[in-house]
Amino acid sequence: MQNGKTAIVTGASGGIGAAIVRKLAADGYNVAILYGGNREKAEAVRQDICDNTDVRAEIYACDVADAAQCKAVVAEIIAAFGSIEVLVNNAGITRDNLILTMREEEFDAVINTNLKGCFHMIQSCCKHFLRKKYGKIINIASVSGLLGTAGQANYAASKAGLIAMTKTAARELAGKNICCNAVAPGFIETAMTQDLKNREQYLNSIPLKRAGQPEDVANTVAFLASDASDYITGTVIRVDGGLAI
Ligand SMILES: NC(=O)c1ccc[n+]([C@@H]2O[C@H](COP(=O)([O-])OP(=O)(O)OC[C@H]3O[C@@H](n4cnc5c(N)ncnc54)[C@H](O)[C@@H]3O)[C@@H](O)[C@H]2O)c1
């Protein structure tokens, strides 16, 4: 059943983003499915939601690294849906390399998508949330941003930056009843982790001895989007099977 709220999720055509958008739709949110890549995949997610729920679901192309696109798409969604209550910054990429050999393009691409992309989306939604005196911002970080990971100087820095941005947004916006939190997944089974080297060794280092599923992350996002988390802001919730204990 519709709950009267609208959620927008970036990078939502597959993996964790698609699981988040499906879960929020199942919980009654109207959903704007933002995608950076494949339109057909985004359309398939939309169709599936429309077939299985009574919420409104629409797809929007949006490269989060492009500030103008973020601003335009948020304005379009507000015009179409009437309002936005929940923003989930999920879009992210990896360009792994050792510091010694990492190219500047690899560093910049990851920072521009993972860190600046979130900034663009928060800035684009912020005025609307302030006017409404309501908003839930949920940023998908990573345990890499807490621990650091060899071969991921760009990615770990982007996610650590995202955690600091989460805390800053929480402080700046709390006075207007806007909450901002981060979720830090560990090893979740998606396209991003398909080609992981030393897979068995990695799984063994997880106390729960298994990889997580996109739905594990989606459930935590749904909690942070809901009224059940109204007194939680500026925090980071790990969804990592204990990896970063
Ligand atoms: N899979 C994991 O183990 C894991 C662990 C920790 C954090 N995360 C984070 O979870 C999020 C989702 O990752 P995933 O595992 O589902 O990977 P994924 O590669 O399946 O999904 C990432 C999505 O982001 C989109 N995207 C990439 N660049 C974009 C851009 N510039 N603009 C808009 N969209 C863009 C892609 O099209 C894709 O749909 C990412 O932020 C990732 O860093 C994943």
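Structure notes:
- Of the peptides 41-48, 94-101, the order by per-residue mean of other Cβ atoms within 10 Å, starting with the highest, comes out as 41-48, 94-101.
- Mean separation of Cα contacts under 8 Å, 6 or more apart, over the residue count of the chain: relative contact order %: 19
- Karplus-derived HN-Hα couplings along the stretch 66-83 (A = 6.51, B = -1.76, C = 1.60, θ = phi - 60°), whole Hz, x at Gly and Pro: 9, 4, 5, 5, 4, 4, 5, 5, 5, 4, 5, 5, 4, 5, 6, 9, x, 6
- Taken about its Cα centre, the chain carries a charge dipole of roughly 680 debye when the Cβ of each Lys and Arg holds +1 and the Cβ of each Asp and Glu holds -1.
- J(HN,Hα) series, the stretch 218-232, from Karplus relation 6.51 cos²θ - 1.76 cosθ + 1.60, nearest Hz, glycine and proline x: 4, 4, 6, 4, 4, 4, 5, 7, 8, 5, 5, 10, 4, 9, 10
- Kirkwood Rh, Cα atoms: Rg over Rh of the chain: 0.95
- Mean projected area of the convex hull spanned by the Cα atoms of the stretch 79-211, taken over all viewing directions: 9.6 nm².
- Per-residue Cβ neighbour counts within 10 Å put Asp51, Asp216 in the sequence Asp51, Asp216, beginning with the fewest.
- Residues listed by number, the stretch 1-32, amide nitrogen under 19 Å from Glu215 label point at 7 Å toward C-beta: 1, 13-29
- For Ile33, nonlocal amide neighbours, meaning residues 5 or more places apart or on other chains whose placed amide H falls under 5 Å from its own, are Glu58, Ile59, Tyr60.
- The Gln201 and Arg103 beta-carbon pair, evaluated with R₀ = 35 Å, returns a calculated FRET efficiency of approximately 0.80.
- Packing-based order for 24-37, 55-68, 138-151, using average beta carbon neighbours within 10 Å, highest first: 24-37, 138-151, 55-68
- Nearest-0.05 FRET efficiency for Lys167 and Ala80, computed from C-beta distance (R0 45 Å): 0.90
- Only helices enter the 222 nm calculation for the chain: every DSSP H run of n ≥ 4 contributes -39,500 (n - 2.57), and dividing by all residues gives -13500 deg cm²/dmol, rounded to 500.
- Residues of the stretch 1-34 with amide N under 17 Å of the 7 Å Cα→Cβ point at Gln194: 12-19
- Relative contact order, whole percent, for the stretch 5-127 stands at 28, derived from Cα pairs under 8 Å and 6 or more residues apart.
- Summary of packing: across the peptides 156-162, 71-77, the per-residue average of other C-beta atoms within 10 Å ranks them, highest first, as 156-162, 71-77.
- For the listed residue pairs Lys5/Lys41; Lys5/Lys127; Lys116/Lys159, the alpha carbons are over 21 angstrom apart in Lys5/Lys41.
Any read-out appearing in this document is the output of simple, stated calculations on the displayed coordinates, not a laboratory observation. Keep in mind it's a predicted model, so treat the numbers as computed, not measured. Methodologically, a virtual Cβ is constructed for each residue, glycine included, from the backbone with ideal geometry; neighbour enumeration extends over all protein chains shown.
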